[in-house]
Amino acid sequence: MIFSFLLVAATRDASSIEFMAKRTQSFICQACGAVYTRWQGKCDACGAWSTVAEEAAAAPLPGASGPQRSKKGRIFPLEGLIGEASESPRMPSGIGELDRVTGGGFVPGSVILLGGDPGIGKSTLLMQASAALANKGERVVYISGEEATGQVRLRAERLELSRAPVELASETNVEDIIATLSKGASPRLVIIDSIQTMWSELVDSAPGTVTQVRGSAQALIRYAKTSGASVILVGHVTKDGQIAGPRVVEHMVDAVASFEGDGAQHFRILRAAKNRFGPTDEIGVFEMTGLGLREVTNPSALFLEGRDTESAGTAVFAGMEGTRPVLVEFQALVAPSSLGTPRRAVVGWDQNRLSMVMAVLEAHGGLKLGGYDVYLNVAGGLKIDEPAADAAAAAALISSLSATPLPATRVYMGEIGLTGALRPVGQVAARLKEAAKLGFNSAVIPKAGAEATGQTPLSVKPISDAADLVASIIAGRKRPSGS
Ligand code: TYD
Ligand code: MG
């Protein structure tokens, strides 16, 4: 009887492909949630070491019904694709950079997981969003499981938001929280800071374990769906994944956003990794100031701040982050190596992409990079994953190798193929417009698709391939024969 009961619980949890029945103890990876029958040093599922810990077997998840439910299912009507389709109403926070990432505001009944390193500014951002919504007359509840109400008040005071009618509590028991929230008018926004501190009585594991995090998240998600409140779960991510990771929650929520930044720098970037109700390629840019997070509406100016325009090895990329053009500087250093295997180090760009671009420059551009250490950095702490950045990275490499500074007012864009050809990029007109706005006066773009530039005050230089790019930078250099 008890076995079948556990079996129902285990198979009911769609997320666990593992089998949990017949055991009172199981071993669960605290990083990814994989379940094992005995302890092991390395998790086979995620490859992490020393993350498998013993936990009591999972109890039925809150709200999941037991074996007493009738075996016969309820019959429900199936519908066609044509029918009522309503666009979800949105609740904008008024913080433009946040609304850009959520896709125009919070969706009622949806759950967002906000991840990020401790101390990056998650609580600050959410306090600012809560206050903004509360000031608009919406009911907002902020539950802090980490800090006492006094500490949260101090933060609000520092942010000069003390007068906002946000309802505050310091609680960690999920059942108590849901009971409190269910009393009176349903809140429009609930902040749970953080999901790792929550625990449910219905889950028979220590607080902070994967089973507890998953059980608590499930209960809060169910609350969001039934009450129509928009819930934000905060999750800490540590680099070594030692804490019960919020990764186990990612597939259950509607949207996953991460708040990133470089400790040394004041920029913070909010990025959506998954969004059922909006885009995933938009970024929100903030600056951490003494008065909390300030929106950065023109990130290009910020990323290009303090640029060294005289030296060789830098090229400006006209990129797109979602619908917004963003200009960033690629910096390269190509220096003779004293090592048998020269070093290649990249920050803010893909290592494999660098290897590929270097190989193409060697094979089709006639450059000799073999004996050199190569370093590449994207200034400002931004991570670029657009293939269109190839041309800018290549230009910075060529410039550094040949000690030829590039024109300070030129931008680069274009994807480089393995044949050496520069492939067309999308939204050329928007990129050129942003470049013109920031005072650039020329642009290197792929010859293929060059007709899509539209009206632009920039002088456009169409380039057909890698050899062309090399020749345009190293003046008077002959194209290698055969290409
Ligand atoms: P916090 O929001 O508590 O981070 P998280 O919730 O992600 O752990 O922010 C912590 C850091 O932000 C802390 O080092 C202090 C800094 N900070 C400011 O610089 N200005 C401010 O106005 C506030 C509230 C915090
Ligand atoms: Mg916090």
> Any residue at all in region 143-160 that is within 28 Å of the chain's Cα centre (by Cα), modelled with pLDDT under 95, more than 16 Å from ligand 1 (Cβ to nearest atom) and assigned to a loop (DSSP other than H, G, I, E, B)?
Replying inline: no
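Here's the yes/no breakdown for (1) surrounded by 21 or more Cβ atoms within 10 Å (Cβ to Cβ); (2) on the phi < 0 side of the Ramachandran plot; (3) acidic (D, E):
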residue: T409; (1), (2), (3): no, yes, no
residue: V428; (1), (2), (3): yes, yes, no
residue: A435; (1), (2), (3): yes, yes, no
residue: F440; (1), (2), (3): yes, yes, no
residue: D465; (1), (2), (3): yes, yes, yes
>> Quick test for you: out of I177, I192, pick the one residue that is within 16 Å of ligand 2 (Cβ to nearest atom) and farther than 23 Å from Y36 by Cβ.
In response: I192
>> Criterion first (over 25 Å from Q265 (Cβ atoms), among the basic types (K, R) and away from ligand 2 (no atom under 13 Å from the Cβ)) does R90 satisfy it?
In response: yes
> Could you say whether any residue in region 320-339 is within 16 Å of ligand 2 (Cβ to nearest atom), under 31 Å from the mean Cα position of the chain (by Cα), more than 25 Å from A471 (Cβ to Cβ) and assigned to a strand (DSSP E or B)?
Replying inline: no
> Quick check: is even one residue across region 203-220 modelled with pLDDT of 95 or more and within 16 Å of ligand 1 (Cβ to nearest atom)?
Replying inline: no
> Just one of the numbered conditions (1) in a helix (DSSP H, G or I); (2) closer than 26 Å to Q218 by Cβ; (3) more than 11 Å from ligand 2 (Cβ to nearest atom) is not true of R100; which one?
Replying inline: (2)
>> Can you list residue pairs whose Cβ atoms sit under 9 Å apart, with the first residue in region 143-164 being within 20 Å of T180 (Cα to Cα) and the second being assigned to a loop (DSSP other than H, G, I, E, B) and within 12 Å of ligand 2 (Cβ to nearest atom)? Count only pairs 6 or more apart in sequence or on different chains.
In response: S144/S194; G145/S194; E146/S194
> Just checking, how many residues over region 287-301 are over 22 Å from A318 (Cβ atoms), exposed (fewer than 14 other Cβ atoms within 10 Å of the Cβ) and among the small types (G, A, S)?
Replying inline: 1
>> Please count how many residues of region 118-142 are in contact with an Asp or Glu (Cβ under 8 Å, 6 or more places away or on another chain) and either within 16 Å of ligand 2 (Cβ to nearest atom) or assigned to a loop (DSSP other than H, G, I, E, B) (or both).
In response: 6
> Only one of these conditions is not met by S227: (1) surrounded by 24 or more Cβ atoms within 10 Å (Cβ to Cβ); (2) of a type outside the set (V, I, T); (3) modelled with pLDDT under 95. Which number is it?
Replying inline: (1)
>> It is to be established whether one or more residues within region 200-222 are within 16 Å of ligand 2 (Cβ to nearest atom), touching a residue at least 60 places away in the same chain (Cβ under 8 Å) and of a type in the set (D, E).
In response: no
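The values are calculated or read from the model by the stated rules, or taken from the named source; none is laboratory data. As the structure is a computational prediction, the values presented were derived from the model and not from experiment. So basically every Cβ, Gly included, is an ideal-geometry build from the backbone, and we count neighbours across all protein chains shown.
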